[in-house]
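The values are calculated or read from the model by the stated rules, or taken from the named source; none is laboratory data. Quantities reported herein were computed from a predicted structural model and do not represent experimental measurements. Cβ placement follows ideal geometry from the backbone for every residue including glycine, while neighbour counts extend to all protein chains displayed.
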Amino acid sequence: MSKEQKAKKKLMTTTKKIIQDPDLARVEAALLRAAQKARKTAKDTRTPLVIYKDGQIILQRIDEEMQQESR
């Protein structure tokens, strides 16, 4: 295996970092819960879900989102 191939493999390999700060360690789970709650609120109130994606603010209906996920 060449040095270039080894370098590419190293870049493609994901490593899990151990976070020492207990508050920071729980951030990902909290963000996932917040996203689920936002989707549920949008669905229950029949209002669009506000998403920030690729530098743009998008208003997306939940029924459209569910159709995209099922494809």
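Only one entry of I62, I58 meets the criterion of being of a type in the set (V, I, T), modelled with pLDDT of 70 or more and in contact with a Lys or Arg (Cβ under 9 Å, 6 or more places away or on another chain), and that entry is I62. The set of residues in segment 14-32 that are surrounded by 11 or more Cβ atoms within 10 Å (Cβ to Cβ) and not in a loop (DSSP other than H, G, I, E, B) comprises A25, V27.
Each residue in segment 49-61 was checked for being surrounded by 11 or more Cβ atoms within 10 Å (Cβ to Cβ) and either under 17 Å from A34 (Cβ atoms) or aromatic (F, W, Y) (or both), and 4 of them qualify.
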